[in-house]
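Engineer: Have a look at this one.
The values are calculated or read from the model by the stated rules, or taken from the named source; none is laboratory data. Being a predicted model, the structure only gives us computed values, none of them experimental. So basically every Cβ, Gly included, is an ideal-geometry build from the backbone, and we count neighbours across all protein chains shown.
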Amino acid sequence: MALKVIPEFHVSQNATSRQMLEELRQFFNCGNIKINHRGRQSDQTLVLVVRNRDDLLTKIIPFFQKYQLRTTKKKDFEIFSQIVLMMSQKEHQNQVGAKKIINLAYQMNNQGKRRKTNKFDLIKIVESSETICESPAARRDKI
């Protein structure tokens, strides 16, 4: 099984503040607004999600570098920016870079406590997929 790395920038608000999310989407000219947690009826929040790497690199990251966050999310955003930059340099396409990205991602958002997948399970996938994707000649050269 291969691992697909997709960076996501989120801004969430209560559904009654949808207009603010719409204004952000218009300001940045990117992203989509969706229900934050579809499976939880008690969660009444919406989220603006930006996944496009070019939008992240040219709109979102420069804006928040210029107008820095003043909350606990500041450090998370710095790590997120580092990950997106690494991806733009295609570091996520090799085992070393993918592992570094995983480790960085699990430093964000309260050490990844709410993530669905354990960090070490992801690292195992990266390690096994690298072996599977290599040609027999490349593996022979490592021996």
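Engineer: Among (1) closer than 21 Å to Phe27 by Cα; (2) buried (at least 17 other Cβ atoms within 10 Å of the Cβ); (3) under 15 Å from the mean Cα position of the chain (by Cα), there is one condition Arg53 misses while meeting the rest; what is its number?
Structural biologist: (2)
Engineer: Separate question: Please go through (1) of a type outside the set (S, T, N, Q); (2) more than 17 Å from the chain's Cα centre (by Cα); (3) at pLDDT 95 or above for Gly39 and return the number of the only condition it doesn't satisfy.
Structural biologist: Only one criterion in (1) of a type outside the set (S, T, N, Q); (2) more than 17 Å from the chain's Cα centre (by Cα); (3) at pLDDT 95 or above is unmet by Gly39, namely (3).
Engineer: Of the conditions (1) in a helix (DSSP H, G or I); (2) within 14 Å of the chain's Cα centre (by Cα), Ile6 satisfies every one except a single condition; which number is it?
Structural biologist: Ile6 satisfies all of (1) in a helix (DSSP H, G or I); (2) within 14 Å of the chain's Cα centre (by Cα) except (1).
Engineer: Of Ile60, Ile33, which residue is outside any helix (DSSP H, G or I), surrounded by 12 or more Cβ atoms within 10 Å (Cβ to Cβ) and among the β-branched types (Val, Ile, Thr)? Even if it seems obvious, please write down each step before you answer.
Structural biologist: Working: Ile60 fails: outside any helix (DSSP H, G or I).
Only one candidate passes the filter, namely Ile33.
Engineer: Determine the pairs where a residue that is surrounded by fewer than 14 Cβ atoms within 10 Å (Cβ to Cβ) and hydrophobic (A, V, I, L, M, F, W, C), located within region 94-108, has a partner that is at pLDDT 90 or above and in a helix (DSSP H, G or I) with Cβ atoms under 9 Å apart, the partner being 6 or more residues away or on another chain.
Structural biologist: Hits for this filter: zero, empty list.
Engineer: If you check Val11 against the conditions, is it surrounded by 15 or more Cβ atoms within 10 Å (Cβ to Cβ), among the β-branched types (Val, Ile, Thr) and part of a loop (DSSP other than H, G, I, E, B)? First the steps, then the outcome.
Structural biologist: Numbers: surrounded by 15 or more Cβ atoms within 10 Å (Cβ to Cβ): yes; among the β-branched types (Val, Ile, Thr): yes; part of a loop (DSSP other than H, G, I, E, B): no.
It is false that Val11 is surrounded by 15 or more Cβ atoms within 10 Å (Cβ to Cβ), among the β-branched types (Val, Ile, Thr) and part of a loop (DSSP other than H, G, I, E, B).
Engineer: Six or more apart or on different chains, Cβ under 7 Å: which pairs go from a residue in region 54-83 that's without any contact (Cβ under 8 Å) to a residue 24 or more places away in the chain to one that's outside any helix (DSSP H, G or I)? Could you list them?
Structural biologist: Listed pairs, sorted by first residue: Lys74/Gln68; Phe77/Leu69.
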